[in-house]
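In what follows, a single structure is set out as structure tokens and then discussed.
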Amino acid sequence: MKDSELLRIGDKLISRQKIDRSIDRILELRAKGLSQQQVAAQVGVDRTFISRLETLGEVRKGRSMALVGFPVANKDQLAQVAASEGLDFVFLMTNQERWRYVEDRSGADLLAEVMELISHVRRHDAVILIGSDERNRAAQALIDGEVFRIDLGASPIMADVIVDPERLRRLIREMRHPAQRGDRSY
């Protein structure tokens, strides 16, 4: 064990590695659906410690959100907005990436991957779709949760489109507070 992993506090010798393992175990059990009380009993800590730990690491509360979009010219910029706003899943492609994605797979593999993507996206409470009007309508019909569309134009769109990152940020923030949203077009 490295010296930097041990810390002397008064008459106690503290292992950072042991703390990290314990925290990893606590979060793993909570992510599996165990209650704070169940995890506390299993790990041997106070339930309030788990509550405080979760508060300390919390990025956001509320609905799980996904973002799917193509063909976008500024996908890295949009991905940064999505990350800073705590979205759970992001799948963005440029037009070139979209066509490479299709061309690099057999029909059966492409169908399997698209079905897996749809299945994954459907697990989220709210989904933002960025794409052509027809593709967004078709995708919206396949998703159970609340869907917000940013239509880039009429199908087919053959070139990358720049999406205003602040427009996306506003939409994400409004999704978190549906009562304040009202009827707005994005």
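Quick rundown of the values:
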read-out: Hits in the stretch 161-176 (condition: touching a Phe, Trp or Tyr at 6+ places or on another chain (Cβ under 9 Å) and of a type in the set (D, E)); value: E174
read-out: Residue among L117, L53, L110, L168 that alone is in the same structural domain as R21 (by TED's automatic domain parsing) and either touching a helix residue (DSSP H, G or I) at 6+ places or on another chain (Cβ under 7 Å) or not hydroxyl-bearing (S, T, Y) (or both); value: L53
read-out: Residue satisfying condition, being touching a strand residue (DSSP E or B) at 6+ places or on another chain (Cβ under 6 Å) and either of a type in the set (S, T, Y) or not in a helix (DSSP H, G or I) (or both), within set V147, V121; value: V147
read-out: Some residue of the stretch 33-47 being touching a residue at least 12 places away in the same chain (Cβ under 8 Å) and either assigned by TED's automatic domain parsing to the domain that holds D144 or among the polar types (S, T, N, Q) (or both); value: yes
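Every residue, every condition in (1) assigned to a helix (DSSP H, G or I); (2) exposed (fewer than 15 other Cβ atoms within 10 Å of the Cβ); (3) at pLDDT 95 or above, yes or no:
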| site | (1), (2), (3) |
| --- | --- |
| D20 | yes, yes, no |
| Q37 | yes, yes, no |
| S51 | yes, yes, no |
| K61 | no, yes, no |
| D76 | yes, yes, yes |
| A79 | yes, no, yes |
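The values are calculated or read from the model by the stated rules, or taken from the named source; none is laboratory data. In this text, all values refer to a predicted model and were calculated from it rather than measured experimentally. Every residue, glycine as well, gets a Cβ built from its backbone with ideal geometry; the counts of neighbours run over all protein chains shown.
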